[in-house]
Amino acid sequence: MTSDQQKGFTLWMTGLSGAGKTTIAKIVEAELKSRGLKIERLDGDVVRQSLTRDLGFSKEDREKNIERVTFVAKLLSRNGVGVIASFISPYRAVRDRVRSETTNFIEVFVNAPLEVCAERDVKGLYAKAFAGEIPNFTGVSDPYEPPLNPEIVLNTHEETPEESAQKLISYLEQHGYIPVAEKVD
């Protein structure tokens, strides 16, 4: 399989804020692009600065955010582009809708305990949420529904970002979404 024969896919990374979604997505993106593959990374923070800056964080706005991202992922994945999407996407029903609308959907649960995510929080959002200063904060004052049957679980409190990224790349290779990297002696 050459890069022009790669399959489109949607690697959907879900998990709490601070679980490691963006960090791992950037590592995977860099590796796959270095192989000459067609890859686009959609990230929650970046998308909210452009495509969905008009939306807040109510349940309805979160769903509208993911609806717009799903449309972009659908267009890219059905045209042979690998999409790496990293979004908290706290609701199962919404993720199920993404699965039904995109090509080769792969749900990745980026798992880390709430306490670990709060310790990693460089923006201080968890402290504000625990103090009641941020309403509708996922995992604190708003629910997060973990995936019931994700294709991949990354326990980021037990493995390095590089180990997690390698799990994702291996999965993509083993399932024929990307060519297997040639071994260098």
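Take the cross-link list 64/167; 33/183; 123/167 and give me the ones stretching past 21 Å between alpha-carbons. Could the numbers behind the result be given before it?
Working: 64/167 30 Å; 33/183 17 Å; 123/167 28 Å.
Flagged as over cut-off: 64/167; 123/167.
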Taking Cα atoms, how many degrees apart are the long axis of helix 59-78 and the longest axis of the chain, rounded to 10 and kept between 0 and 90?
10
If the chain between residue 68 and residue 26 were fully extended at 0.36 nm per residue, the gain over the current Cα-Cα distance would be 13.0 nm
Per residue of the chain, what 222 nm ellipticity follows from adding -39500 (n - 2.57) for every DSSP H run with n ≥ 4, rounded to the nearest 500?
-12500 deg cm²/dmol
With everything on Cα atoms, drop me the angle between helix 92-101 and the longest principal axis of the chain, reported from 0 to 90° to the nearest 10.
30
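Beyond 27 Å, what share of the Cα-Cα pairs of the chain remains, rounded to the nearest whole percent? Spell out each step's value before the answer.
Details: 4299 of 17020 pairs.
Pairs farther apart than 27 Å: 25 percent.
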Return the loop-located GluC sites (Glu not before Pro) in region 125-179 (DSSP other than H, G, I, E, B) with at most 11 other Cβ atoms within 10 Å of their own Cβ; answer none if there are none.
133, 158
If each of residue 123 and residue 78 carries a label point 7 Å out from its Cα toward its Cβ, how far apart are those two points in nm?
3.2
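Where a number appears in this text, it was derived from the coordinates with a stated rule and is not lab data. Keep in mind that this is a model prediction, so the values were computed, not measured. As a convention, Cβ positions derive from the backbone with ideal geometry for all residues, glycine included, and neighbour counts pool all protein chains shown.
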